[in-house]
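Report on one structure; see the data block that follows.
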Amino acid sequence: MMVATLSLLGLLVALYLTLFKIGVIGELTCRIGSCETVNTSRWSMFLGLPVAAWGMAAYLVLLMLSLIGLQPRFDGSRPVAVALTGIAGAGTLFSAWLTYLELAVIHAICIWCVTSAVIIGTIFLVSVLDLRSVTAARPDADPELADASTSN
Amino acid sequence: MDSGRGRRANVVKQQRQSSMRNFYILLGAVAVLGSALLVYNGSRPKVQVTTVDLPPGSISDAEGYRYGSASAPVEVIEFADFECPGCAQWSTVVEPDVRKRIFDTGKASLRFFDFPLEMHRNTLTAANAAACAADQNKFWEMHDRIFFGRADWATESTSRPDKFMASYARELSLDMGRWQKCFDDRAHQARILGNKAQGIKLKVGQTPTFIIAGRMHAGGPSYDEFAALIDSATKAAPKR
């Protein structure tokens, strides 16, 4: 549930930055830092698309996966937990690189980008913990839990 | 015993369903609230308007860089910084339309004033490059090229913007000997800072800022907003 909620928040933040990038929103609300400097720099594009749009896609996939994982049929599903951890891990590394660029190269901080970095980092931590608990509770690891899971 | 376990399983199932229902409600509420904030932000006027005391003649005709006919019924004064992202966005996205449909048709003219902000380390270099291009009647071509290439030469990209300016000057087929000397000597720096001083006197607080018919509009208006401001200024302007 936490991953789904955080993914939705991340999606909204990424959508906000994407709308600015494509000109729908004229000005970012940015009381701390210089959001516009960061979001108009050359590093605000990645493979021909706004970085924020990539973030939107990642958060959307995370949201869908986490909602799938909440369905009784996929409760405790290891593939879902692995996919969530993998995508969140890649997103965290990408966000760490972007934060490095903000601090060391652009010399400007975008508070919305930092918010997104914190969100994706938290999703990754929660996903890792979830993956560990799913792995520990695998039916082949504990026969009693196997019974319990089949009875669900 | 079995029926007791069954009842417990039912209770657990109901509790789970109820907690999932609450969760979906919470998720829906976050989605609705977030979307509402985005819609509010998107529909918020992009410019803040204040009235400015600008009696006729308070800015000399010789100041700024003019685009369009001096006899146009409305004169727009723009204060902009070449390194400001909002100015670059306005210049590359909105201004081409504004020129074609408003300035080129004689409905209004524009006077551009440099307003180099200290936080932008490369902006004065750009302002000087454009001023030296103006000596060869290519200010607007240079203005457009500088704004278009902003991401390449801005502070976050390079500490040596001069080579970008020189390459733009070459692209525009300027007399490079004259342009380079003017640029290296910072021949127009005093005028550029004078333009900024004019803005400070008028209490310009951000870039871009437009002054239209005595009203100061801070921020970059969309084409429709700009056209509406010109229409209303035209109606209020004395007939020439």
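Derivation of every value follows stated rules applied to the coordinates shown; laboratory data play no part. None of these values were measured; they are calculated from a predicted model. Every residue, glycine as well, gets a Cβ built from its backbone with ideal geometry; the counts of neighbours run over all protein chains shown.
Rank the residues B:Tyr67, B:Tyr40, B:Tyr168, B:Tyr223 as a footprinting-exposure proxy: fewest other Cβ atoms within 10 Å of their Cβ go first.
B:Tyr40, B:Tyr223, B:Tyr67, B:Tyr168
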Mind checking the dipole of region B:84-136: about its Cα centre, +1 per Lys or Arg Cβ, -1 per Asp or Glu Cβ, Debye to the nearest 20?
-> 200 debye
In Å³ per residue, the alpha-carbon convex hull of the protein assembly as shown encloses 154 Å³
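How large is the charge dipole for region A:23-107, taken about the Cα centre, if only the Cβ atoms of Lys, Arg (+1) and Asp, Glu (-1) carry charge, to the nearest 20 debye?
Numbers: 4 positive and 4 negative charges, 44 e Å.
Dipole about the Cα centre, nearest 20: 220 debye.
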Taking other Cβ within 10 Å of each residue's Cβ, how do A:Ser7, A:Ser133, A:Ser41 sort, fewest first?
-> A:Ser133, A:Ser41, A:Ser7
With +1 on each Lys and Arg Cβ and -1 on each Asp and Glu Cβ, and nothing else charged, work out how big the dipole of chain A is about its Cα centre, in Debye to the nearest 20.
-> 380 debye
Which of the listed residues, B:Gln180, A:Met1, B:Ala126, is farthest toward the dipole's positive end in the protein assembly as shown, when Lys, Arg count +1 and Asp, Glu count -1 at the beta-carbon?
-> A:Met1
Using a Gaussian network for chain A with springs between C-alpha atoms less than 10 Å apart, which of these wobbles most: A:Leu98, A:Leu65, A:Leu47?
-> A:Leu47
Rg from C-alpha atoms of chain B, normalised by the globular rule of thumb 2.2 N^0.38 Å, equals 1.50
Of B:Ala131, B:Ala36, B:Ala169, the most mobile residue in a GNM of chain B (C-alpha springs, cutoff 10 Å) is B:Ala36
Which ordering of A:Leu62, A:Leu19 is given by a fewest-first count of other beta-carbon atoms within 10 Å?
-> A:Leu19, A:Leu62
Out-of-range pairs (alpha-carbon distance over 24 Å; input B:Lys138/B:Lys181; A:Lys21/B:Lys138; B:Lys138/B:Lys163) = A:Lys21/B:Lys138
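Translational D (Stokes-Einstein, µm²/s) of region B:151-240 at 10 °C and 1.306 mPa s when Rh comes from the Kirkwood sum over C-alpha pairs?
Numbers: Rh = 16.7 Å.
In µm²/s, the coefficient is 95.
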Kindly write out, for region B:158-174 in residue order, the coupling ³J(HN,Hα) from the Karplus curve 6.51 cos²θ - 1.76 cosθ + 1.60 (θ = phi - 60°), rounded to whole Hz, with x marking Gly and Pro.
-> 7, 9, 10, x, 4, 5, 5, 4, 5, 5, 5, 4, 5, 4, 8, 6, 6
Inverse of mean 1/r across different Cα pairs in region A:35-135, Kirkwood, Å | 14.4 Å
With x for Gly and Pro, the residue-by-residue ³J(HN,Hα) of region A:12-22, computed from phi through the Karplus equation 6.51 cos²θ - 1.76 cosθ + 1.60 at θ = phi - 60° and given in whole Hz, is 5, 5, 5, 5, 4, 5, 5, 4, 5, 4, 8
So what are the ³J(HN,Hα) numbers for region B:26-36, from phi and the Karplus equation (6.51, -1.76, 1.60; θ = phi - 60°), rounded to whole Hz, Gly and Pro as x?
-> 4, 4, x, 5, 4, 4, 5, 4, x, 5, 4
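Antiparallel versus total DSSP beta bridges in the protein assembly as shown: what percent is that, nearest 5?
Working: 18 of 25 bridges.
The antiparallel fraction comes to roughly 70 percent.
Looking at region B:106-153 from every direction and averaging, what is the projected area of its Cα convex hull in nm²? Show your work: numbers first, answer last.
Working: hull surface 16.2 nm².
Mean shadow area of the hull around the Cα atoms is 4.1 nm².
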Putting +1 on Lys and Arg Cβ atoms and -1 on Asp and Glu Cβ atoms, find which of A:Ala136, A:Ile119, A:Gly48 reaches farthest to the positive end of the dipole of chain A.
-> A:Gly48
For region B:59-137 versus region A:79-142, the gap between their alpha-carbon centres in whole angstrom | 45 Å
